[in-house]
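*Asks:* Please see the structure below; I have some questions.
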Amino acid sequence: MPKTKSLDQYLHFTTALAKETGALLREMLAQNVSYSLKSSHQDLVTAADRAAEELIVKKIKDKYPEHGILSEESAELKSESNFRWVIDPVDGTSNFAHGIPFFCTSIALEEDGRLVAGAIYEPLRDELFSVALGEGAWLNGQPLNVSSPDQVKKAILAVGYPYDFSLLDGYVAQMKLFLPVAQGLRRLGSAALSLAYIAAGRLDGYVDMNLNRWDLAAGVLLVTEAGGQVTGFQGTELELDTRAIMASNGKIHDEMLKMLEV
Ligand code: IPD
Ligand code: CA
Ligand code: CA
């Protein structure tokens, strides 16, 4: 756990909030909540996304009324503060809406635009991934390290599919590149958990092209604090708003980047 007192306090708040939200999601999953559509017939939102967001935003406003909040289902709450919370109340909404047990809540804290703490909670396995800048990453309190495979042929990779079909050719091209070479290729349906799984050494690499800041924030910090690497497709330093990312255990990163060059 972090040595810095203020980070420790933020992390404690963040992890407790992620777990409380997860308990709500567990209850709502059992109620078979219905979904409605957002930008397309593939982009879903449920009453659970809204209830989870309401809970998280209320708790942050109660505890840190001066902080900014960027959360998926609402307009950004801007502030003069150096701190901003970046929240995906349910990442993996399609899975949730269909009863597929792979979704989570992701909460991250930025200070002056830099990620400093985060938590991703997967309520069905009671798995809490937590992270603090410069201090480490943990799963249920145990330190996390990325995996050891150093070649793509020994690696399990994950990709995402777009809601934006102008990107379809790029996704198909990636699948054609990675599918025959990697040991396995997955599409898990939660960007945040895909990143948390890299931090935990369960996945070795992940590429996606159409992500938002709230999908990425906590997961990116988890990967880097667990010893992995996250960049853009050209190997450049990741900009959280550029949408396209490559994350890996670091050992297969250059090989993955080279494969995308063709
Ligand atoms: C989605 C998931 C999915 C990714 C999509 C995201 P949501 O988030 O992370 O894995 O491929 O791009 O929008 O809608 O479930 O919060
Ligand atoms: Ca998301
Ligand atoms: Ca979401």
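The values are calculated or read from the model by the stated rules, or taken from the named source; none is laboratory data. Everything numeric here is computed off the predicted structure, so don't read it as measured data. Every residue, glycine as well, gets a Cβ built from its backbone with ideal geometry; the counts of neighbours run over all protein chains shown.
Every residue, every condition in (1) at pLDDT 95 or above; (2) of a type in the set (D, E, K, R); (3) over 28 Å from Asp49 (Cα atoms), yes or no:
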{"position": "Ala173", "(1), (2), (3)": "no, no, yes"}
{"position": "Pro180", "(1), (2), (3)": "yes, no, yes"}
{"position": "Arg186", "(1), (2), (3)": "yes, yes, no"}
{"position": "Ile198", "(1), (2), (3)": "yes, no, no"}
{"position": "Val220", "(1), (2), (3)": "yes, no, no"}
{"position": "Thr231", "(1), (2), (3)": "yes, no, yes"}
{"position": "Gln234", "(1), (2), (3)": "no, no, yes"}
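*Asks:* Next question. Name the residue, out of Val86, Val45, that is under 22 Å from Glu111 (Cβ atoms) and within 16 Å of ligand 1 (Cβ to nearest atom).
*Replies:* From the options Val86, Val45, the qualifying one is Val86.
*Asks:* Follow-up question, since we're still on this one. Output the number of residues of region 164-206 satisfying the condition of being touching a residue at least 60 places away in the same chain (Cβ under 8 Å) and aromatic (Phe, Trp, Tyr).
*Replies:* So the count comes out to 1.
*Asks:* Shifting gears a bit: Are any of the residues in region 207-216 of a type in the set (Asp, Glu), crowded, with 18+ Cβ neighbours inside 10 Å and either without any contact (Cβ under 8 Å) to a residue 40 or more places away in the chain or touching a Ser or Thr at 6+ places or on another chain (Cβ under 9 Å) (or both)?
*Replies:* Yes, some residue in region 207-216 is of a type in the set (Asp, Glu), crowded, with 18+ Cβ neighbours inside 10 Å and either without any contact (Cβ under 8 Å) to a residue 40 or more places away in the chain or touching a Ser or Thr at 6+ places or on another chain (Cβ under 9 Å) (or both).
*Asks:* Which count do you get for residues in region 53-108 that are away from ligand 2 (no atom under 11 Å from the Cβ), among the acidic types (Asp, Glu), under 19 Å from Tyr10 (Cβ atoms) and not in a helix (DSSP H, G or I)?
*Replies:* 2
*Asks:* Another question about this same structure. Output the residues belonging to region 28-49 that are free of Cβ contacts under 8 Å to residues at least 40 places away in the same chain and either surrounded by 13 or more Cβ atoms within 10 Å (Cβ to Cβ) or in the same structural domain as Tyr163 (by TED's automatic domain parsing) (or both).
*Replies:* Within region 28-49, Met28, Lys38, Ala47 meet the criteria.
*Asks:* Now a separate question. Looking at His67, His98, can you tell me which residue is over 20 Å from Leu240 (Cβ atoms) and either surrounded by fewer than 18 Cβ atoms within 10 Å (Cβ to Cβ) or in contact with a Lys or Arg (Cβ under 9 Å, 6 or more places away or on another chain) (or both)?
*Replies:* Answer to the check: His98.
*Asks:* Among the numbered conditions (1) more than 15 Å from the chain's Cα centre (by Cα); (2) in a helix (DSSP H, G or I), tell me where Leu222 comes up short.
*Replies:* Against the list (1) more than 15 Å from the chain's Cα centre (by Cα); (2) in a helix (DSSP H, G or I), Leu222 comes up short only on (1).
*Asks:* Can you pull out the residues in region 73-123 that are in contact with a Ser or Thr (Cβ under 7 Å, 6 or more places away or on another chain), more than 25 Å from Gly141 (Cβ to Cβ) and hydrophobic (A, V, I, L, M, F, W, C)?
*Replies:* Scanning region 73-123 gives Phe96, Ala97.
*Asks:* Check whether at least one residue in region 85-108 is out of contact with any strand residue (DSSP E or B) (no Cβ under 6 Å at 6 or more places or on another chain), farther than 27 Å from Leu37 by Cα and of a type outside the set (S, T, N, Q), and report yes or no.
*Replies:* no
*Asks:* Of the conditions (1) part of a helix (DSSP H, G or I); (2) away from ligand 2 (no atom under 16 Å from the Cβ); (3) more than 23 Å from Trp138 (Cβ to Cβ), Ala16 fails just one. Which one is it?
*Replies:* (3) is the only condition that Ala16 fails.
*Asks:* List the number of the failed condition for Val131; all other conditions in (1) touching a Lys or Arg at 6+ places or on another chain (Cβ under 9 Å); (2) not in a loop (DSSP other than H, G, I, E, B); (3) not assigned by TED's automatic domain parsing to the domain that holds Val223 hold.
*Replies:* (1)
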